[in-house]
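The values are calculated or read from the model by the stated rules, or taken from the named source; none is laboratory data. Since this is a predicted model, take the numbers as computed values, not measurements. Note that we place each Cβ from the backbone using ideal geometry, even for glycine, and neighbour counts take in every protein chain shown. Each accessible area value is taken on the protein alone, full model and side chains, heavy atoms only, with ligands, DNA and RNA left out. Shrake-Rupley method; radii C 1.70, N 1.55, O 1.52, S 1.80 Å.
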Amino acid sequence: MSDTQQAMALLIATFDKYAGKEGAKDTLTKGELKELIQNEFGDMLGKASDKKALDSLFKGLDANQDNSVDFNEFTNLVSCITVMCHEHFSKK
């Protein structure tokens, strides 16, 4: 597989690793999203233990307001973070 294909497969695998532990297998609950953020992003997004920030992030990601984050909504998060990182490191 190409690097891009490997990155896509890794995104899918990462989402699937956390989705379905508490709710539906194809979505993330707020608790699952918190665990994913803590384990996969570290402090890059701030402290996942900050309930107010996590609530705000979850609400922003949950575009269809079904109280869960699906894969499409998750990829919006990853895409935004990737763009911000690219901008940051391009300036150096």
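For the reader, a short list of remarks on this structure follows.
- Nearest-10 value in Å² for the accessible area of M84, using the 1.4 Å probe: 120
- Span-rule helices in the chain, defined as complete DSSP H runs reaching 24 Å or more along the axis (Cα) with Kyte mean at least 0.0: 71-90
- Cα gyration tensor shape for region 33-89, rounded if a/c is under 1.5, else prolate or oblate: oblate
- Annotation: Cα Rg of region 1-78 relative to the compact-globule expectation 2.2 N^0.38 Å equals 1.07.
- Cβ-defined net charge surrounding K25, 13 Å radius [Lys, Arg +1; Asp, Glu -1]: -3
- Charged-residue dipole, Cβ positions (Lys, Arg, Asp, Glu), the chain about Cα centre, Debye nearest 20: 320
- Residue with peak Gaussian network fluctuation, the chain [Cα springs, cutoff 10 Å], from T27, T14, T82: T82
- Residue pairs, from the table K30/K59; K21/K52; K30/K51, whose Cα atoms sit over 18 Å apart: K21/K52
- For D70, the residues whose modelled amide H falls within less than 5 Å of its own, excluding neighbours fewer than 5 places apart on the same chain, are L28.
- Residues K59 and K17, FRET efficiency given R0 of 41 Å [Cβ-Cβ distance, rounded to 0.05]: 0.95
- With a 1.4 Å probe rolled over the protein heavy atoms of all chains, the accessible area of E87, E22, E35, E73 falls in the order E22, E87, E35, E73, largest first.
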